[in-house]
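A quick write-up on the structure given underneath.
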Amino acid sequence: MINRGQCLTVKSLCAMLILDFLIMMAGESYVGAGELAAADHVIVRKAERKLYLYRGDELLGSYRIQLGLNPVGHKERENDYRTPEGHYLLAQKNTRSSYFLSIQVSYPNVEDQRRAHRRGWMAGGAIMIHGFPNSPSHSAAYYATTDWTNGCIALSNSDMIEVWMRTPENTPIDILP
């Protein structure tokens, strides 16, 4: 008999296999009918709880997000549960994170490090855009409606697939208040 935790693991594995297949089929330079256009920049508006993908001036998509447990203000230090504000890059993708896919945000930048150092703090790091936890401890409704991360930007798993597929590495991201 398979228990609930094993079902979630099997679901995550199936989702990763589907994603791997889609990425393999799409390749880096896929062009064709029904393609998902690649974004050339991302804007997060924390107050709106929205992530926007753009290609030039064209809005490619908007997505509901959840933020850190302490969402107001710029991340100042490790463990403050804030989502940073500023200009960063989407640095690296990870299919094997504790969450349904993750894309690393290049926080902290030089300015963030200087600010934290002046105050005698560690700037923190490991800020990601990611889906829901692979081993959830709350209901899906909780993750979809509550700011619950340690400072990351969370999306539904289905939205995470689309953002993942539309954002190449080093896509600029501006995180605004």
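Enumerate the amide H contacts of Ala91 below 5 Å, restricted to partners 5 or more residues apart or on another chain; note that Pro and chain-start residues carry no placed amide H. Those qualifying (amide H under 5 Å, at least 5 residues apart or on another chain) are Gln104, Val105, Ser106, Asn170.
Test of understanding: express the Cα radius of gyration of the range 36-177 as a ratio to 2.2 N^0.38 Å, with N the residue count.
Details: Rg = 14.3 Å, N = 142, 2.2 N^0.38 = 14.5 Å.
This ratio for the range 36-177 stands at 0.99.
Relative intensity of the range 57-125 on a log10 scale, I(q)/I(0) at q = 0.12 Å⁻¹, equals -0.39, per a Debye sum over C-alpha point scatterers of equal strength in the absence of solvent. Ignoring aspartates and glutamates fewer than eight residues from Lys93 along the same chain, the ones with Cα atoms less than 20 angstrom from its Cα are Asp20, Glu28, Asp40, Asp159, Glu162, Glu169, Asp174. When the Cα positions of Gly125, Ile173, Thr149 are compared along the charge dipole of the range 107-174, Gly125 comes out farthest toward the positive end, with charges on each C-beta of Lys, Arg, Asp and Glu.
Cβ under 13 Å from Trp121's Cβ, Trp121 left aside: what net charge do those residues give with Lys, Arg +1 and Asp, Glu -1? Walk me through the intermediate numbers first.
Numbers: positive: Lys75, Arg77, Arg82, Arg114, Arg115, Arg118, Arg119; negative: Glu76, Glu78, Asp80, Asp112.
So the environment of Trp121 carries a net charge of +3.
Distant-in-sequence amide contacts of Glu85, defined by a placed amide H-H separation under 5 Å and a gap of 5 or more residues or a different chain, comprise Lys75. Spin-label model, Asp174/Ala140: points 7 Å from Cα along the beta carbon direction are separated by 3.5 nm.
In the full protein context, the range 101-176 carries 46 Å² of accessible surface per residue, based on a 1.4 Å probe and ignoring ligands, DNA and RNA. Counting only other residues whose beta carbon sits under 11 Å from that of Gly73, what net charge do I get with K and R as +1, D and E as -1? So the surrounding residues net to 0.
The values are calculated or read from the model by the stated rules, or taken from the named source; none is laboratory data. Just so it is clear, the structure is predicted and the values come from calculations on it, not from any experiment. Neighbour counts are summed over all protein chains in view; Cβ atoms, including those assigned to glycine, are modelled from backbone coordinates with ideal geometry. Side chains are part of the model used for accessible areas, which takes the heavy atoms of the whole protein and leaves out ligands, DNA and RNA. Shrake-Rupley method; radii C 1.70, N 1.55, O 1.52, S 1.80 Å.
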